[in-house]
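A short worksheet on the structure shown next.
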Amino acid sequence: MNARETSTARPGISQILMPYWQTPEKYLALLILAMIISINLGTAYISVEANRIAGKFTDALIGLDWEQIKPLFIFSFVLGLGAMMLRWVNVLSQGYLALRWRTWMTLHYIRRWTGTSAYYQIERDGALSNIDQRIADDVNELVSASLNFFLSIISVIISTVTYTALLWSVSGVLRFSFMGSDWAIPGYMVYALYIEYVLQVALSHWLGKALIRLNMNQQNAEGDFRFLGVQLRENAEQIAFYQGGAREGERLAQRFARVRDNALSVLLRGFKVSFGQSLFSHFLSPLPTLLALPLLLSGEITFGDMTRIQMAYGSLGATLSYFMQAYQSFTRWLALTKRLQDMEEALNKSEQSPSPIRITDHDGSDFSCQNLRLFTPAGRALTALDSWQVSPGERWMINGASGVGKSTLLRACAGLWQHGSGAIARPRRCRTLFLPQKSYLPTGTLKAALCYPGQARDFSDEACRQALIDSALPNMAEQLNDEDRWQQRLSGGEQQRVAIARTLLHRPDFIFLDEATSALDPETEQRIYQALINGLPNSAIISVAHRETLAAFHTHHLHLTPLTGSDNHHDRENQTADDAPRYQRTDSAFSERGLAWRGE
């Protein structure tokens with residue numbers, strides 16, 4: 001297996017859980033962990049002392065020995081108080097450690113999701129569903145469950161060693177005759193308890209092995225149901241225009257039917273596991289008493305010893321039964337790890353998959369494309385550019401038939417499109433801004449939405465007001481501090497004008513507009529373009545547009561035509577520069593009435 005195959009292989013559980021314990025935070029985390037383990041050791045010691053006191057207390061009660069009862073009672077009370085204090089310190093420490101671990105993992109995944117274009121690539125390729133739920137909910141549940149399992153296993157190990165030694169010491173020796181021979185089994189109750197435990201584990205696994213698959217299905221079904229509800233909220237107006245409420249209700253009901261059916265399967269399977277365990281435990285509950293009776297009746301042990309045996313047997317049995325009781329939680333934990341492994345794998349692929357389109361930054365001032373060919377994800381050829389260069393202050397208009405790849409070209413220039421080949425060179429010191437047809441307006445104050453992706457504190461209120469006025473939004477100039485869900489409140493045309501105001505505010509050197517004024521009437525659209533030209537005379541403007549009225553606002557033209565049938569994803573590397581006339585036509589000459597191409 002080569003390095004690339006190793007790096008993109010499906011991540012193991014350790015790759016999900018261990019990174020936190022390799023950061024500088026590990027020192028405090030390990031200190032808290034050591035304290036929790038010490039508390040477990042202290043609790044085990046208290047349990048042994050409590051067992052000893054219980055035996056003496058029982059004998060003192062039977063013997064009506066008040067002189068023994070009084071100090072034993074006080075000591076028992078103090079032990080109980082100490083155990084309670086240790087338990088609450090343990091809960092607080094474990095909760096704090098889980099919070100620190102979750103905080104680190106959540107921020108780690110947020111950085112990986114949003115720090116690169118992974119969020120776009122994953123959604124574009126449909127590589128993963130509900131990644132937001134995995135970060136918000138699954139990480140929290142996995143951290144809490146993992147820490148709880150680890151500390152519980154440590155506690156179980158400590159308690160198992162402690163109670164096994166205690167039960168061995170108090171259970172005595174079982175003597176009996178069988179097939180003419182005398183037999184003696186020391187610590188026989190320990191053997192009996194471990195045999196009982198093995199049988200319980202086998203029963204639990206046999207009844208509950210399907211829960212792993214069912215729990216993972218439940219997580220996926222819940223996420224899909226929530227996602228459809230979010231879509232309904234985000235597209236409420238469009239759905240209302242279509243009068244599609246009833247249809248959306250049907251879709252939600254269908255998604256919830258999956259949630260309900262799978263939840264019922266989980267419920268029934270969980271009931272089988274719990275009922276089987278309870279029934280098994282009930283039939284074997286008299287076993288410690290029956291096993292201790294021969295020693296009691298022969299006078300080898302007292303009633304106090306009988307009490308100690310029952311307590312030790314019960315404590316060891318409860319300790320070992322943790323694995324059966326946690327079986328359903330463990331299957332859910334496995335489902336969570338599989339979902340986060342899927343997320344880790346998707347993030348790894350988005351980070352490590354190199355794009356055939358090579359993007360470089362240079363010290364010059366021009367934006368250029370060389371031998372650029374664009375394809376759909378399925379490999380269908382779209383269009384090609386053998387050579388295209390944009391200089392500061394130039395204004396290019398891009399058009400072509402629908403589906404030829406105009407928006408795809410802008411995505412490639414932004415570094416968001418990996419399906420193709422060629423080279424794109426971007427000026428290192430120049431700022432670039434891309435305006436899609438539907439711009440993103442985050443919830444919050446209008447000023448914060450206007451200054452996005454920058455900070456509101458980086459721009460003055462006066463500059464923001466002027467940008468809104470220049471973008472034909474004078475009525476919003478005094479609403480900078482109003483908080484709202486602007487994506488839902490504003491119309492499509494208002495959203496596009498806010499995006500133009502954002503451009504005027506940020507003053508980029510290269511502005512790419514992908515039908516960014518399509519929702520405006522022609523008069524307002526021309527006013528907006530004039531505002532861009534006046535406000536940013538030295539900025540290059542690259543527009544994907546269809547209205548010929550915009551031609552007067554551009555100095556250059558790029559017409560995209562589709563690749564021919566022979567130009568496909570497989571033989572594109574064999575194309576030569578001689579093929580250029582088939583792919584594109586560029587010109588800088590415009591007539592007063594519109595655009596004209598030289599040489600036609």
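Computed from the coordinates by the stated procedures, all read-outs in this text should not be read as laboratory data. What you see is a predicted model; the values in this text were computed from it and never measured. All Cβ positions, even for glycine, are placed from backbone atoms using ideal geometry, and neighbour counts span all protein chains on display.
Structural remarks
- Modelled label positions at I157 and R489, each set 7 Å beyond Cα in the direction of Cβ, lie 5.7 nm from each other.
- Loop-located GluC sites (Glu not before Pro) in segment 247-342 (DSSP state not H, G, I, E or B) with no more than 15 neighbouring Cβ atoms inside 10 Å: E300.
- In the chain, the DSSP beta bridges split such that about 55 percent are antiparallel, to the nearest 5.
- The phi-based Karplus calculation (6.51 cos²θ - 1.76 cosθ + 1.60; θ = phi - 60°) puts the 3J(HN,Hα) values of segment 250-263 at 4, 5, 5, 5, 5, 5, 5, 4, 5, 4, 5, 5, 6, 4 Hz, whole numbers, x for Gly and Pro.
- Estimated FRET transfer efficiency (Q231, Q325; beta-carbon r; R0 45 Å; 0.05): 0.70
- Ranked by how many other Cβ atoms sit within 10 Å of their own Cβ, fewest first, the residues L207, L563, L79 fall in the order L79, L207, L563.
- The sum of -39500 (n - 2.57) across all DSSP H runs of n ≥ 4, divided by the residue count of the chain, sets its helix-only mean residue ellipticity at 222 nm to -19500 deg cm²/dmol.
- The amide H of T383, built 1.01 Å from its N in the peptide plane, has L374, L563 as neighbours under 5 Å, considering only residues 5 or more places off or on other chains.
- Distance-filtered residues of segment 519-534 - backbone nitrogen under 17 Å, label point 7 angstrom along A552 Cα→Cβ: 521-534
- With K and R counted +1 and D and E -1, the other residues having a Cβ less than 15 Å from that of A145 yield a net charge of +2.
- Structure-derived Rg and Dmax of the Cα atoms in Å: which label, when the choices are (1) 32.9, 135; (2) 35.8, 120; (3) 25.3, 82: (2)
- Amide H contacts for M397 (H built 1.01 Å from N in the peptide plane; partners 5 or more residues away or on another chain; cut-off under 5 Å): S543, H556, H557, L558.
- Ordered by the count of other Cβ atoms within 10 Å of each Cβ, fewest first, E483, E525 give E483, E525.
- Derived scalar couplings ³J(HN,Hα) [segment 67-72; Karplus, 6.51 cos²θ - 1.76 cosθ + 1.60; whole Hz; x for Gly, Pro]: 5, 8, 5, 4, x, 5
- Qualifying chymotrypsin sites (Phe, Trp or Tyr not before Pro) in segment 275-364, DSSP loop, other Cβ atoms within 10 Å at most 16: none
- Karplus 3J(HN,Hα) series, Hz, for segment 98-114 with 6.51 cos²θ - 1.76 cosθ + 1.60 (x for Gly, Pro): 4, 5, 5, 5, 4, 4, 5, 5, 4, 5, 4, 6, 4, 4, 5, 6, 9
- Sorted by Cβ neighbour density within 10 Å, fewest at the top, the residues H419, H546: H546, H419
- Distant-in-sequence amide H partners of V390 (H built 1.01 Å from N, under 5 Å): F367, S368
- Ignoring lysines fewer than eight residues from K438 along the same chain, the ones with Cα atoms less than 24 angstrom from its Cα are K406, K447.
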